[in-house]
Amino acid sequence: MAVDTAPAPALVDERAPARHLRAGIVYAVLGLLVILAAVALLGDRTTTVAFDKTLTDASWDAPTRTVVLILGVIATAAGAWMIAGLPQRWYKIAGAAAVAAVVLALLFWAYSQEGTVFRAESILAGALFLSMPYIFGALSGVVCERSGVINIGIEGQFLMGAFTGVLVANITGNIYAGLAGAMIAGSLSTMLLALLATRFQVNQVVVGVILNLLALGFTSFMYDQLKKADGLNDAFSVPVISWGPLADIPVIGPVLFQQKLFVYVGLVMVAVVWFLLYRTRWGLRTRAVGEHPAAADSMGVNVNRLRYWNVVAAGLLAGFGGAWFTLGNSLAFNKNMTAGLGFVALAVMIVGRWNPLGVLAGALIFGFTTQIARDLSAAGSSVPGEFLQMLPYAVTLVVVAGLIGRAKAPAADGVPYNPGDK
């Protein structure tokens, strides 16, 4: 019997050329709009870029129209290159160049108004810090959904972590005890989700929504009680960690080497979760129960037990992220202070395609958008404040609408499993 030794054909995404064509058209149109706007509206404006933390006297005045025109040409050229059918390996580079050019053009335009200065170091450092709740919440979602359990309750876990962190810090007088309390509170919140999802096989989306409402009601009630007692809701602050001479490096120093503990824990956890998911036996089993639990069961993996403990462990991350809202920002607890960022963290998880490294990239996008909105609002920008407050959520819709159609969740995500099922 003859054996066919020819290599198997490579898997090709037949929809890729059409998708690239559509994206190229969008980028080219955006670039042309940027060029037309620069010619018609910008005039003789200048944009000031300053380095305010390490080089206090260093600033650069750039002609806004010229810079925006150049960036518009770059975006248009990248879009035209994609329309012309560039090789597959260059698609992401061209797309990233087009998006970066359009974003930079908008920033130069926004900061060309009188009284506004693009303080590069402060904005980048603030963007990294503001990305932390998205990182912790999205990593919690990654661990849960890679295990096959949908975690809609991140918002509630944030609230429990924020409240408990402040309460424990006030009772003990130790901020690190408060951080530990926040993690435990987040884990206890997910424990109920894990129990209902694995043992009682309740609809996981419904359970997540109910847990969010339960956390909101509980923390609001407890906040009203704490107002009647002194010394139980005072603000605590995590100190800034400075890395000595490294903190004095222009741009990089303030961004990476002069931040609060949350930033370093967040970056380390991205690396740790990625390593555990893709380089360890636990990660292999976790991904197996999220994709094909029956196959994992046939290899001796206790599917529901692994799901249960993974969800409980994921709550530690969400609880720590909740402490960011209070202990990380030197704030006392207030009602609903998480402001829906738990749901944005779910969007970050989807944008990151359930991969910790993708989560980091998505979180930085949302953190940067939030920081720009805050900075422009504080500088007295002519852009309405309501629009600036809406900006991070608008970016959430745009990014998710652009990527969710191509993002594929784990196959068994949200599907209960009974031992012996096929």
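The values are calculated or read from the model by the stated rules, or taken from the named source; none is laboratory data. This one's a predicted model, so the numbers in the text were calculated from it and none came from an experiment. When we count neighbours, we look across all protein chains shown, and the Cβ atoms used for this are built from the backbone with ideal geometry, even at glycine.
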Open item on the list: I need the full set of residues from the stretch 327-361 which are part of a loop (DSSP other than H, G, I, E, B) and either touching a Ser or Thr at 6+ places or on another chain (Cβ under 6 Å) or more than 25 Å from Val238 (Cβ to Cβ) (or both), in order please.
Closed with: Ser330, Phe333, Lys335, Gly352, Arg353, Trp354, Asn355
Task: Residue that is farthest from Thr116 (Cα to Cα) [pool: residues in the stretch 376-387 that are modelled with pLDDT of 70 or more and touching a helix residue (DSSP H, G or I) at 6+ places or on another chain (Cβ under 8 Å)] - done: Ser377
Task: Test result for Leu86, in contact with a Phe, Trp or Tyr (Cβ under 8 Å, 6 or more places away or on another chain) and not assigned by TED's automatic domain parsing to the domain that holds Ala177 - done: no
Task: For Arg65: the one exception among (1) of a type in the set (D, E, K, R); (2) surrounded by 13 or more Cβ atoms within 10 Å (Cβ to Cβ); (3) modelled with pLDDT under 85 - done: (3)
Task: Residues satisfying the stated conditions in the stretch 174-207, i.e. among the aromatic types (Phe, Trp, Tyr) and at pLDDT 95 or above - done: Tyr176
Open item on the list: So Leu32 ticks every box in (1) closer than 30 Å to Ile252 by Cα; (2) touching a helix residue (DSSP H, G or I) at 6+ places or on another chain (Cβ under 9 Å) but one. Which box is left unticked?
Closed with: (1)
TODO: Of all residues in the stretch 145-165, count the ones that are assigned to a loop (DSSP other than H, G, I, E, B) and either over 23 Å from the mean Cα position of the chain (by Cα) or more than 25 Å from Pro293 (Cβ to Cβ) (or both).
DONE: 0
- [ ] Please give the number of the condition Val255 fails out of (1) crowded, with 19+ Cβ neighbours inside 10 Å; (2) at pLDDT 95 or above.
- [x] (2)
TODO: Consider Lys260 carefully, then state whether it is among the charged types (D, E, K, R), under 23 Å from the mean Cα position of the chain (by Cα) and either within 24 Å of Gly173 (Cβ to Cβ) or in the same structural domain as Phe136 (by TED's automatic domain parsing) (or both).
DONE: yes
TODO: Given the conditions (1) over 19 Å from the mean Cα position of the chain (by Cα); (2) assigned to a helix (DSSP H, G or I); (3) touching a residue at least 40 places away in the same chain (Cβ under 8 Å), report the number of the one that Trp90 does not fulfil.
DONE: (3)
Task: All positions within the stretch 151-186 that are without any contact (Cβ under 8 Å) to a residue 24 or more places away in the chain and more than 24 Å from Ile210 (Cα to Cα) - done: Val168, Thr172, Gly173, Asn174, Tyr176, Ala177, Ala180
Task: When residues of the stretch 136-170 are limited to those that are farther than 15 Å from Arg353 by Cα and of a type in the set (Val, Ile, Thr), the one surrounded by the fewest Cβ atoms within 10 Å (Cβ to Cβ) - done: Ile152
TODO: Spot the failing condition for Ala373; the list is (1) at pLDDT 85 or above; (2) assigned to a loop (DSSP other than H, G, I, E, B); (3) assigned by TED's automatic domain parsing to the domain that holds Ala318, and only one is missed.
DONE: (2)
Open item on the list: Here are the criteria: (1) closer than 25 Å to Ala412 by Cα; (2) in contact (Cβ under 8 Å) with a residue 24 or more places away in the chain. Tell me which single one Ala215 does not satisfy.
Closed with: (1)
Open item on the list: For a quick check of your reading of the model, give me the residue pairs whose first member lies in the stretch 263-292 and is farther than 17 Å from Gly315 by Cα, whose second is of a type in the set (Ser, Thr, Tyr), with beta-carbon atoms closer than 6 Å and at least 6 apart or on different chains.
Closed with: Val289/Ser147; Gly290/Ser147
